[in-house]
Amino acid sequence: MVARPRRWPKAVRPAPVTPPPTGPPTDPAHALPTRPPTRPPTRPPPRPPTRRHGVGTAPAWRRPRNQRRPGGVGASMTTIGLIGAGNIGSTVARLAVRAGHDVVVSNSRGPETLSDLVAELGEHARAATATEAAEAGDVVVVTIPLKNYREVPVEPLRGKVVIDTNNYYPERDGHIAELDDESTTTAEMLQAHLPESQVVKTFNNIYFEHLLRLARPSGDPERSVLAIAGDDAAAKRTVTEVLDSLGYDAHDAGPLSEGWRFQRDTAAYADLYAGERGFDPEGGRRVDEAFLVQQLDAAKRYRDMA
Ligand SMILES: NC(=O)c1ccc[n+]([C@@H]2O[C@H](COP(=O)([O-])OP(=O)(O)OC[C@H]3O[C@@H](n4cnc5c(N)ncnc54)[C@H](OP(=O)(O)O)[C@@H]3O)[C@@H](O)[C@H]2O)c1
């Protein structure tokens, strides 16, 4: 099993880190291209009556580090590698550290540019090159602009579960013919680039601020569900455990080829978790499995959109 916090704060209220966007964006990646500013690490108060969601607070309910449980796919999984440390990468890193994982973050510019983020995340985070993050991770998250997916190191990811958060935005990524004609999907492209890895698509259809805010412990009635898609059942079980530890249930939407159902601009895309307040960082609404399934069923291919 993946390490999981034993007790979570009832309400997760991180400080707003970016100004609200003007107008309702359809593209979280583009709506707020600025990255969340790093927050100074803070010392945990002794047994606070209410605990903040922030990473630097080292909550008392966190499972002791490296507590290995016998059996289960996640028995030895304590390190999450991140290739990409922007909006989504840093958010997943925050959730992962809070859940008791170690993280290794990387970007395109080099580990020295991630010192603020590592300082915020604390002693169980370190920065490295993308190759080193891929080597270090028991599970590795690829969370970069799609146009750069061929730069993801192949060899160190052999045999590993790779979480793919990426979306296709032609204005950012340039036109990719096989995505424009919908003969493949983004995650299938990453899988083709990483033929000996097990790619699972998730995190791509939720705005990063909402990803942070909506995380809840297992059993919390306000917990949300995230869609996953992948071709390997064991990898999907692993990712389900990872999501569980980070604060989400998982809904299996099928193989990677079904990942289009929650790609950009579909009914199951980021508006789903935004609710009435749109992409207000303080907003976000719970999504249960029934609603997610309804939206996945309602999803249309781009060619069928009016
Ligand atoms: N923003 C959201 O709310 C959101 C939600 C769901 C999914 N997504 C998708 O998730 C992906 C990441 O989005 P984001 O908003 O986090 O992007 P972002 O803030 O622009 O961050 C991108 C990160 O990727 C790194 N990167 C770029 N090329 C790389 C490479 N070749 N090797 C290693 N790292 C590399 C960048 O490093 P440098 O800064 O050093 O270049 C940066 O850390 C995108 O495909 C996006 O569409 C975004």
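Any read-out appearing in this document is the output of simple, stated calculations on the displayed coordinates, not a laboratory observation. Values in this document were obtained by computation on a predicted structure and should not be read as measured data. Cβ atoms come from the backbone with ideal geometry, glycine included; neighbour counts cover every protein chain shown.
A compact table of results
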| item | result |
| --- | --- |
| Residues R172, R94, R303, R216 arranged by fewest to most Cβ contacts within 10 Å | R303, R172, R216, R94 |
| Within the range 272-295: backbone nitrogen closer than 19 Å to the D252 label point (7 Å, Cα to C-beta) | 289-294 |
| Table column - 3J(HN,Hα) (Hz), the range 108-117, Karplus curve with 6.51, -1.76, 1.60, x for Gly and Pro | 8, 8, x, x, 5, 7, 10, 5, 5, 5 |
| Gain upon complete extension [D180, A267; 0.36 nm per residue less C-alpha separation] | 29.5 nm |
| Cα extents of the range 98-213 along the three principal axes, largest first (Å) | 46, 31, 26 |
| Relative counts (whole %) of C-alpha pair distances in the range 73-140, using bins that are 10 Å wide | 25, 61, 13, 1 |
| Rg over Rh [alpha-carbon atoms, Kirkwood Rh] for the range 77-304 | 0.94 |
| Burial ranking of peptide ranges 97-106, 220-229 (average Cβ count within 10 Å, highest at the top) | 97-106, 220-229 |
